[in-house]
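A.B. asks: Have a look at this one before I ask anything.
The values are calculated or read from the model by the stated rules, or taken from the named source; none is laboratory data. This structure is a prediction, so every number in the text was calculated from the model and none was measured. Positions of Cβ are generated from backbone atoms using ideal geometry, with glycine treated the same way; all protein chains shown enter the neighbour counts. Accessible surface is based on the protein model in full, side chains and every heavy atom, while ligands, DNA and RNA are left aside. Shrake-Rupley method; radii C 1.70, N 1.55, O 1.52, S 1.80 Å.
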Amino acid sequence: MRFRRRRTLHLIGLVAALLGLTAACGGGAPALPLAAPPAGSPTPAPGPPNIVLILADDMGYGDLGSYGAPLIRTPNLDRLAAEGVRMTDFRVPSALCTPSRAALLTGLYPPRTGLVGNLPSGSPTEGISDGIDDEEMTVAEALRERGYATAMVGKWHLGSTLPHLPTAHGFDSYFGISNGNQTFLLLRGTTPVEDPPGLDQITRAYTEEAVTIIRDAARDRPFFLYLAHRSPHVPLEPAPEFLGRSAGGRYGDVVEELDWSVGEVMKAVRERGTSERSTCVLFMSDNGPWVAHGEEGGSPGPFRSGKNSPYEGGVRVPAIAWWPGRYPAGRTVSEPVISLDVFPTIVAMARGQLSPASTHDGVDLTPLLSGEVTRLSGPGIDGSREMLGYYFEHAVSLRSGRWKLLRPGYWDLADTLYDLQDDPSETTDLYPTRPDLAADLSPRLAFLTDQLARSGKKPKKGGGPD
């Protein structure tokens, strides 16, 4: 038996489950009392909720109607936002698939896991053996320790050989493509599926699988479903019934098909009801759009650049949280948050708590999403949180309140400083005119980078956009 170093979870009461968790590099939410459900909202069923986490692939901030898309129709996601919480400053620590997905599922910055670039293709028995390490605790493992049934459907991209597949990292079942777009490597568990569907049918296949899991899940225990679509990643392959349907072109066709999928999933959630327990649904993208593909790459909305870039268009993505009776309908949260926060937030939903001896880089967003607070405090400027941005293994940006310091790279030859409150499109470099801020943020970025690197791992084999 392999030795598995695990961060353990401990039982706590309902009130304690909703307290802010202290972040290693970002402060923590204040401890607050449990608030009653908003007036007029249904009271959540007792017990930990079912949790559905839906991830889009390379979806831009400006690709949903509720985020300003002028041509693409997304009625189901817009309804989810209207009935839940829409986050307008939700960011990822890296604008690449593998490091972003690893951060989402572990709550750790990329250097801590070594997953800093996109892992190459492989199969359960062939190819590069690098992937997520056995010792990393995923949110699926954390929930399974809490009695959850766990299932994954869709794109994994955290390793393709047997030790790195989802079923070795907390998921009871898996149906999907472990990396990229190779439908001939569609797996059920660890076994390739015979006669797999083409890319134009993969969204439907994932949707049908997800709906079956929701409808057939046992009623006497909660379930966690992670549905990671490959859409709207290029190549764009909409199903025939969606081809040519969107005014947003072929990219719009694919996004509207993904929106249909969300509608089918939500229909299954609503039909299941809340007599035994409630259900929380989270939706987000792994990074910004691949703008290098032009009209087939999606829209970053008002932000600059896209995938594989540290600018806002690459790291700021649409994100929605839906939990009737707990999260007020129609709420908009503009406070900066990061995908690292998803892990501790989900653990809190399950009434668990990470051991204080463990490392985690996010905080529990429950007080913010529920409306108990409007801000999460931290050690940054004006008491704000601090969030790092990575390009492969290098920390290249520091977000501190309204300010963002960006190190040079292929995107610019010198340090730059932006005021994201007044200039969210990052058009005006304030580094030359605000040396006081630069003098504060530059050594802080160096300190946090060094502190995190001390517990970092050797980078896994991997590369750029995929």
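A.B. asks: For log10 I(q)/I(0) by the Debye sum over Cα atoms at q = 0.09, 0.10, 0.12 Å⁻¹, the choices are (1) -0.73, -0.84, -1.04; (2) -0.70, -0.87, -1.20; (3) -0.53, -0.67, -1.01; which was calculated from the structure?
C.D. replies: This structure yields the entry labelled (3).
A.B. asks: Another question, then. Using 0.36 nm per residue of separation minus the Cα-Cα distance, give me the extension gain between residue 377 and residue 188 in nm, one decimal.
C.D. replies: 63.7 nm
A.B. asks: Please say if segment 354-402 is rounded, prolate or oblate, where rounded means a/c under 1.5 for a ≥ b ≥ c the square roots of the C-alpha gyration tensor eigenvalues, and otherwise the choice is prolate for a/b larger than b/c and oblate otherwise?
C.D. replies: oblate
A.B. asks: With θ set to phi - 60° and the Karplus curve 6.51 cos²θ - 1.76 cosθ + 1.60, what are the ³J(HN,Hα) couplings of segment 421-428 in order, to the nearest whole Hz, using x for Gly and Pro?
C.D. replies: Coupling constants for segment 421-428: 6, 8, 9, x, 8, 6, 9, 10 Hz.
A.B. asks: A further question follows. Which residue, chosen from 428, 206, 362, occupies the Cα position most advanced towards the positive end of the dipole of the chain, where the dipole is computed from +1 (Lys, Arg) and -1 (Asp, Glu) charges on Cβ about the Cα centre?
C.D. replies: About the Cα centre, the residue reaching furthest to the positive side is 362.
A.B. asks: Using a ≥ b ≥ c from the Cα gyration tensor of segment 111-200 (square roots of the eigenvalues), is it rounded, prolate or oblate, where a/c under 1.5 gives rounded and otherwise the larger of a/b and b/c decides, a/b for prolate?
C.D. replies: oblate
A.B. asks: Let me make sure I get this right: for segment 262-411, a, b and c are the square roots of the gyration tensor eigenvalues over alpha carbons, sorted descending. Under 1.5 in a/c it's rounded, otherwise prolate if a/b > b/c, else oblate. Which is it?
C.D. replies: oblate
A.B. asks: Among the chymotrypsin sites (Phe, Trp or Tyr not before Pro) within segment 373-466, which fall in a DSSP loop and have no more than 14 other Cβ atoms within 10 Å of their own Cβ?
C.D. replies: The qualifying sites are 410.
A.B. asks: Sequence-distant or interchain residues sharing an amide H contact under 5 Å with residue 53, placed H: which?
C.D. replies: 225, 226, 227, 282
A.B. asks: Please list 271-280, 359-368 highest first by mean number of surrounding beta-carbon atoms within 10 Å per residue.
C.D. replies: 359-368, 271-280
A.B. asks: Under a point spin-label approximation (7 Å from Cα along Cα-to-Cβ), what is the residue 243-residue 208 distance to one decimal in nm?
C.D. replies: So the label points at residue 243 and residue 208 sit 1.9 nm apart.
A.B. asks: Report, in whole Å, the centroid distance computed from the Cα atoms of segment 410-425 and segment 312-349.
C.D. replies: Centre-to-centre distance over Cα atoms comes out at 24 Å.
A.B. asks: To the nearest 500 deg cm²/dmol, what mean residue ellipticity at 222 nm is calculated for the chain from DSSP H runs of n ≥ 4 alone, each contributing -39,500 (n - 2.57), summed and divided by the residues?
C.D. replies: The helix-only estimate for the chain comes to -7000 deg cm²/dmol at 222 nm.
A.B. asks: Further question: If you count, for each residue, the other Cβ atoms within 10 Å and average over each peptide, how do 158-169, 308-319 line up from highest to lowest?
C.D. replies: Result, highest mean Cβ count within 10 Å first: 308-319, 158-169.
A.B. asks: Check residue 409: other-chain or 5+ apart residues with amide H under 5 Å from its amide H, H built from backbone geometry?
C.D. replies: The list, which skips near neighbours in sequence, is 414.
A.B. asks: Please sort by residue number the GluC sites (Glu not before Pro) in segment 188-226 whose DSSP state is loop and whose Cβ has at most 13 other Cβ atoms within 10 Å.
C.D. replies: 194
A.B. asks: Evaluate E = 1/(1 + (r/R0)^6) for residue 412 and residue 201, where r is the Cβ-Cβ distance and R0 equals 51 Å; express this FRET efficiency to the nearest 0.05.
C.D. replies: 0.75
A.B. asks: Going by average Cβ density within 10 Å per residue, which order do the peptides 239-252, 135-148 take, highest to lowest?
C.D. replies: So the order, starting with the most tightly packed, is 135-148, 239-252.
A.B. asks: Counting only protein heavy atoms and using a 1.4 Å probe, what share of the accessible area of the chain belongs to carbon plus sulfur, as a whole percent?
C.D. replies: In the chain, the share of accessible area belonging to carbon and sulfur is 54 percent.
A.B. asks: Next question, about the same structure. Explain nothing, just the number: dipole magnitude of the chain about its Cα centre with +1 on each Lys and Arg Cβ and -1 on each Asp and Glu Cβ, in debye rounded to the nearest 20.
C.D. replies: 1240 debye
A.B. asks: Another one. Enter the accessible area per residue of the chain (Å², integer; probe 1.4 Å; all protein chains in place).
C.D. replies: 36 Å²
A.B. asks: Separate question: What list of ³J(HN,Hα) values in whole Hz, one per residue of segment 442-457 in order, does the Karplus curve 6.51 cos²θ - 1.76 cosθ + 1.60 (θ = phi - 60°) give from phi, with Gly and Pro shown as x?
C.D. replies: 4, x, 5, 4, 5, 5, 5, 4, 5, 4, 6, 5, 4, 9, x, 10
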